[in-house]
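This report concerns only the one structure given below.
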Amino acid sequence: MAGIGVTLNRIYHKNTVTTNIIGFFYSTVVTIAPVLVVIINLMLMQITLKFNTVRYIDREIFSCTVLYIFIFSLLTTSPFNAVLSRYMSDVIFEERYEDVQPCHRVGLLTNICFSCLFAIPFCFWEHLVGGIPIYYVFTGYCCFVSLVLVFYNMLYLSICKEYKLISLYFLIGMVTSFLLSVFLRYACKVSITYSMLLALTVGFLVTATLEWAKVHQFFPDNSEEYKRVFEYFRKYWHLILINFLYTLGLFIHNFVFWGTDMAMHLVNTFVCNQPYDMATCLAMFTNISASVIFISRVEMYFHERYRDYADAVFGGRGIDIRKTKKRMFRQLGSELMTLVRLQFIVSVFIYLLFVIFLPRMGYAGLVMRIYPMVAAGYFVLFLMYSEIIFLYYFEDLNGALLTAVCFCAGTFFASLAAVHMSHIFYGFGVWVGSVIGFTVAYARLRWLEHNLNEHTFCRGNIMKQAKGIKPSPKVFDLMEQKKSEGSLEFEPKEAKVK
């Protein structure tokens with residue numbers, strides 16, 4: 001994310017109200033614009049194609065299909081993308097650009113195989129048990145695979161700091177999707193729901209194709225060193241679990257409520273909980289600006305302090321290391337507190353807007369009773385993820401893994417208890433899990449502050465690790481040495497024969 005820091009510094013340098021607004025919108029464009037573009041496209045398609053005139057069962061099947069596509073594409077791509085991101089970052093730092101192509105191919109194969117491992121059985125179940133037409137099932141499967149490709153190729157462009165290109169490709173894909181849906185519906189007389197699903201599939205495929213082409217344009221050479229990529233999966237297995245558990249924690253409370261009496265079952269295939277899922281969506285949008293604020297602040301302030309500390313470690317004096325360390329952790333604490341203050345103001349403002357206007361748009365009743373507690377949980381959740389990023393800065397993978405485990409497990413067990421509470425406390429599970437994760441991550445950062453020297457300088461081994469027969473631990477044998485010296489000193493001389 002360091003690529004946008006220079007631009008943000010240039011925008012915020014004048015320190016005026018206008019530049020602050022411009023900087024905020026620029027941060028929004030390069031971070032969460034793809035999500036907004038997809039949502040706006042879906043809303044426009046629903047309005048233009050008169051989605052509300054479709055039968056209720058068809059509307060719900062389409063909604064659940066899109067919901068499953070987004071949730072499970074994120075879940076199935078999350079285990080590997082963190083390791084691939086680390087490998088590509090190291091390759092770029094070492095200027096081994098020819099190794100990016102092997103990483104891209106191995107990651108592509110791994111993501112597709114792992115995603116299809118879960119998608120294909122579900123598609124068979126959807127057709128054979130649910131009775132959904134095979135063409136609809138196949139289109140939904142293609143949409144899922146296309147979105148997996150979109151998320152995977154986004155990884156490489158984001159590392160290359162091409163955030164504007166990502167937003168542009170999403171915009172091109174969604175515009176194509178909207179125009180195609182209108183053509184299919186009004187020119188080809190295709191059904192409304194299938195027009196939207198097929199158009200969305202083509203839109204994601206266009207976006208993935210543009211991203212793939214740009215990645216190959218940036219890195220045309222191929223060293224065919226595929227073994228190195230697999231070695232990173234073994235070396236950084238923590239990242240696989242961290243990213244997967246964090247992503248699972250985002251949705252595990254939804255899965256718990258899918259198993260309650262409130263859940264809706266469609267054609268013996270899809271399961272969802274409309275009030276709780278909608279409240280979760282609103283809560284996420286209430287606090288998603290935390291990502292924008294965090295990226296802006298870290299890029300402009302903390303990254304510089306961290307770089308100063310790293311420079312002192314590699315070539316500075318002891319007093320320089322101590323000074324830069326204190327400044328860095330002072331800045332870290334300042335950024336966390338600033339994020340809390342700013343996000344609290346933004347969340348309260350958005351919360352009031354939702355409470356006032358959403359009931360007039362039809363979102364009232366149970367959704368708005370569940371929403372406040374879930375919004376409070378997501379407020380802490382995004383703060384916790386900021387701490388995980390800071391742990392990544394210090395390569396404390398054990399601390400980040402402990403945070404992810406506590407967050408996911410806490411959310412799951414607290415959600416099991418929340419289903420027995422009143423509606424207003426349904427979000428208790430995600431709130432408790434986020435608080436536990438935040439506390440663990442904060443305690444780990446405090447531990448790093450007091451033990452950073454040991455964590456930085458006392459890692460590694462004197463001897464290079466290798467596989468083979470373990471050498472003998474014996475270095476010196478005193479008795480053998482004494483015998484050797486005695487035999488030399490008291491060796492009898494040969495008698496002279498006269």
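The values are calculated or read from the model by the stated rules, or taken from the named source; none is laboratory data. Quick caveat, the model's predicted, so the values are computed rather than measured. Heads up, the Cβs are rebuilt from the backbone with ideal geometry, glycines too, and the neighbour counts pull from every protein chain shown. Surface areas here come from the heavy atoms of the whole protein model, side chains and all, with no ligands, DNA or RNA. Shrake-Rupley method; radii C 1.70, N 1.55, O 1.52, S 1.80 Å.
Things to note:
- Among the residues of the range 355-401, those that are crowded, with 19+ Cβ neighbours inside 10 Å, among the hydrophobic types (A, V, I, L, M, F, W, C) and more than 19 Å from M421 (Cα to Cα) comprise F379, V380, L381, F382, L383, M384, I388, F390, L391, F394, A400, L401.
- Which numbered condition I159 misses (of (1) at pLDDT below 90; (2) among the β-branched types (V, I, T); (3) within 25 Å of F124 (Cα to Cα)): (3)
- Qualifying residue in the range 181-190 (condition: surrounded by fewer than 19 Cβ atoms within 10 Å (Cβ to Cβ), touching a residue at least 12 places away in the same chain (Cβ under 8 Å) and touching a helix residue (DSSP H, G or I) at 6+ places or on another chain (Cβ under 8 Å)): yes
- Of all the listed residues (F118, F170, F124, F138), the sole one being assigned to a helix (DSSP H, G or I), of a type in the set (F, W, Y) and within 18 Å of A213 (Cβ to Cβ) is F170.
- For the range 188-211, the criterion of being in contact with a Cys (Cβ under 9 Å, 6 or more places away or on another chain) and farther than 30 Å from I61 by Cβ is met by no residue.
- Flag for Y393 being touching a residue at least 24 places away in the same chain (Cβ under 8 Å) and closer than 18 Å to T286 by Cα: no
Yes/no per residue for (1) within 22 Å of the chain's Cα centre (by Cα); (2) of a type in the set (S, T, N, Q); (3) part of a helix (DSSP H, G or I):
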position	(1), (2), (3)
Y392	yes, no, yes
E395	yes, no, no
A400	yes, no, yes
T403	yes, yes, yes
F412	yes, no, yes
W431	yes, no, yes
S434	yes, yes, yes
V440	yes, no, yes
L445	yes, no, yes
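- Residue, nearest to A364 (Cα to Cα), within the range 234-285, restricted to residues that are open to solvent by less than 20 Å² (accessible area, probe 1.4 Å) and not in a helix (DSSP H, G or I): N273
- Looking only at the range 338-349, and only at residues there that are under 24 Å from the mean Cα position of the chain (by Cα) and either part of a loop (DSSP other than H, G, I, E, B) or not hydroxyl-bearing (S, T, Y) (or both), the one that is surrounded by the fewest Cβ atoms within 10 Å (Cβ to Cβ): R341
- Residue within the range 142-164 that is over 30 Å from the mean Cα position of the chain (by Cα), assigned to a helix (DSSP H, G or I) and free of Cβ contacts under 8 Å to residues at least 40 places away in the same chain present: no
- For beta carbons closer than 8 Å, sequence separation of 6+ or different chains, a first residue in the range 98-116 that is within 16 Å of S85 (Cα to Cα) and a second that is of a type in the set (G, A, S) and at pLDDT below 90, the qualifying pairs are E98/S223; D99/S223; Q101/S223; P102/S223.
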